[in-house]
């Protein structure tokens, strides 16, 4: 529409567009200012005797300005609602999706390497409900189930599931908790506010539980671990830290 307004020499076309927008056709906020400025330029070009056309353009400009104010107000209210929800510790869907995207993009960096591989990742809310989840192509089906259980365990236990894995190696039997959703594998990380309140968890499954749990093969040295791809625990931590930064 902007292109037409800027290139046409026929003010009749401009009037048709002005009448269209006067009917309050929704315009994205990014385009409203450009539109009313384009109509305003045309208003100065119309002969004064064409009062009806000038009035039409003036009316359309005012409608666009009002629409812009309403859109700004709506966006402001949405942002305020987001801030309130974040302050209360309710993880928003858009934030959960953004956290998952960060984890997936990090996993894709070394997807074809020896210790890389596809993963499943989930963000769980404080009510133990899944907010968002993604399973990369060719990930093992069991990983989709395990990532949820890892997030559940991190949320219920209020600490990294890697810690429960360490305890299990010392003799703890996770089955004694009597909870079928409880797992003792690294890859679950709780999301905490700065006051320590746990507001959710991130679970990742598909690789080793952590870099430290990779069994070194012959010829590999411990220092090589640092260069290995991120594993479930490290990837989950990326997602959790992203959310913690938003929900301070």
When (1) over 22 Å from residue 230 (Cα atoms); (2) assigned by TED's automatic domain parsing to the domain that holds residue 208; (3) surrounded by fewer than 16 Cβ atoms within 10 Å (Cβ to Cβ) are applied to residue 114, the one that fails is (1)
Say whether the condition of being farther than 19 Å from residue 123 by Cβ, modelled with pLDDT under 95 and touching a helix residue (DSSP H, G or I) at 6+ places or on another chain (Cβ under 7 Å) is met by at least one residue in the stretch 225-243. yes
Here the qualifying pairs (Cβ atoms under 6 Å; residues six or more apart or on different chains; first in the stretch 158-186 and farther than 17 Å from residue 204 by Cα; second modelled with pLDDT of 90 or more and surrounded by 13 or more Cβ atoms within 10 Å (Cβ to Cβ)) come out as 168/184; 174/182; 174/184
Could you please let me know if residue 70 is in the same structural domain as residue 200 (by TED's automatic domain parsing), exposed (fewer than 15 other Cβ atoms within 10 Å of the Cβ), assigned to a helix (DSSP H, G or I) and more than 19 Å from the chain's Cα centre (by Cα)? no
Among the residues of the stretch 115-141, write down those that are in contact (Cβ under 8 Å) with a residue 40 or more places away in the chain and more than 24 Å from residue 93 (Cα to Cα). 115, 116, 117, 140
Taking residue 98 as the residue in question, decide whether it is touching a helix residue (DSSP H, G or I) at 6+ places or on another chain (Cβ under 6 Å) and either more than 21 Å from residue 195 (Cα to Cα) or assigned by TED's automatic domain parsing to the domain that holds residue 208 (or both). no
Among the residues listed as 208, 152, the single one being at pLDDT below 95 and either closer than 25 Å to residue 91 by Cβ or not in a helix (DSSP H, G or I) (or both): 208
Filtering the stretch 117-149 down to residues that are surrounded by fewer than 21 Cβ atoms within 10 Å (Cβ to Cβ), in a loop (DSSP other than H, G, I, E, B) and touching a strand residue (DSSP E or B) at 6+ places or on another chain (Cβ under 6 Å), which residue is modelled with the lowest pLDDT? 126
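The values are calculated or read from the model by the stated rules, or taken from the named source; none is laboratory data. Quantities reported herein were computed from a predicted structural model and do not represent experimental measurements. All Cβ positions, glycine included, derive from the backbone under ideal geometry; neighbour counts span all protein chains shown.
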